[in-house]
Amino acid sequence: MIINDNWFSDRHPGVTSEQVSAINAMLQAPLSSSELTDLAKLHAKVPGGTPANEWQIAVRNLPDSYVDLLRVSHGGCLTHGEREIAFFEDRSLREYLLHYEFPVYMPGSLPFGLNGGGVFYIFDMREPARNGEFPILVAHSSCLGYDDATLIAKDIHELLCDTTNVEHLM
């Protein structure tokens, strides 16, 4: 993967193969009792909705090109032209997945970053990976749903090659 070091405004040490395995296991784990408790408190303030114990977490491994990016920097911020990506560290992946209720609004998806304007970068993992990759969608944090999401890349390589602000593509 070709990534220019100048694109990074915040770069972290990359991950090892063992860390990638741990991240995949963490993302695919069922909701813990503490997560269910936290989500129940959140839902107590909002009537209706799908109870968290019925949520389906995507059980697929991270795409190959994203793992390549994590080997360069485990989370961080990069800018290429007008494209900004603050991509999440492993703990943040699950936190955003749950706290923004992706299993409810976009089941089978995994948010992996944000731009500077509240737009999520999301892997669409509803179908099995093709050549180790999942399509990348963008959706605004205030309007999550497949109907409102826009397909912008077939993988991380394509995402990073484009310099367009994703908000102009929505």
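The values are calculated or read from the model by the stated rules, or taken from the named source; none is laboratory data. Here the structure is a predicted model, which is why all the values come from computation and not from measurement. Neighbour counts are summed over all protein chains in view; Cβ atoms, including those assigned to glycine, are modelled from backbone coordinates with ideal geometry.
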All positions within region 64-76 that are in contact with a strand residue (DSSP E or B) (Cβ under 7 Å, 6 or more places away or on another chain) and in a loop (DSSP other than H, G, I, E, B): Ser73, Gly75
Selection from region 148-170 of residues that are within 24 Å of Arg71 (Cα to Cα), of a type in the set (D, E, K, R) and part of a helix (DSSP H, G or I): Glu158
Region 133-147 - residue that is assigned to a loop (DSSP other than H, G, I, E, B) and free of Cβ contacts under 8 Å to residues at least 24 places away in the same chain and, of those, nearest to Leu62 (Cα to Cα): Pro135
Residue within region 102-114 that is of a type in the set (S, T, N, Q), more than 21 Å from Leu70 (Cβ to Cβ) and free of Cβ contacts under 8 Å to residues at least 60 places away in the same chain present: no
Hits in region 151-169 - residues which are under 27 Å from Asn131 (Cβ atoms), surrounded by fewer than 15 Cβ atoms within 10 Å (Cβ to Cβ) and out of contact with any Gly (no Cβ under 6 Å at 6 or more places or on another chain): Leu151, Glu158, Cys161, Thr164, Leu169
Contacts under 7 angstrom Cβ, first residue in region 72-97 being crowded, with 16+ Cβ neighbours inside 10 Å, partner assigned to a loop (DSSP other than H, G, I, E, B) and polar (S, T, N, Q), 6 or more apart: His80/Thr163; Arg83/Thr163; Arg83/Thr164; Arg83/Asn165; Glu84/Asn115; Ile85/Asn115
Answer residue from region 77-99, given it is part of a helix (DSSP H, G or I) and acidic (Asp, Glu) and is nearest to Cys161 (Cα to Cα) among those: Asp90
Residues located in region 10-46, provided they are within 18 Å of Phe88 (Cα to Cα) and modelled with pLDDT under 85: Asp10, Arg11, His12, Pro13, Gly14
Among residues of region 100-115, those that are crowded, with 22+ Cβ neighbours inside 10 Å and outside any loop (DSSP other than H, G, I, E, B), counted: 6
Failed criterion for Gly132 (all others in (1) of a type in the set (Gly, Ala, Ser); (2) surrounded by 18 or more Cβ atoms within 10 Å (Cβ to Cβ); (3) within 20 Å of Ile23 (Cβ to Cβ) hold): (2)
So Ala58, is it among the small types (Gly, Ala, Ser), part of a helix (DSSP H, G or I) and either at pLDDT 90 or above or touching a helix residue (DSSP H, G or I) at 6+ places or on another chain (Cβ under 8 Å) (or both): no
Enumeration of residues in region 101-140 that are hydroxyl-bearing (Ser, Thr, Tyr) and in contact with a Phe, Trp or Tyr (Cβ under 6 Å, 6 or more places away or on another chain): Ser109, Tyr121
Some residue of region 94-101 being more than 17 Å from Leu27 (Cβ to Cβ) and at pLDDT 90 or above: no
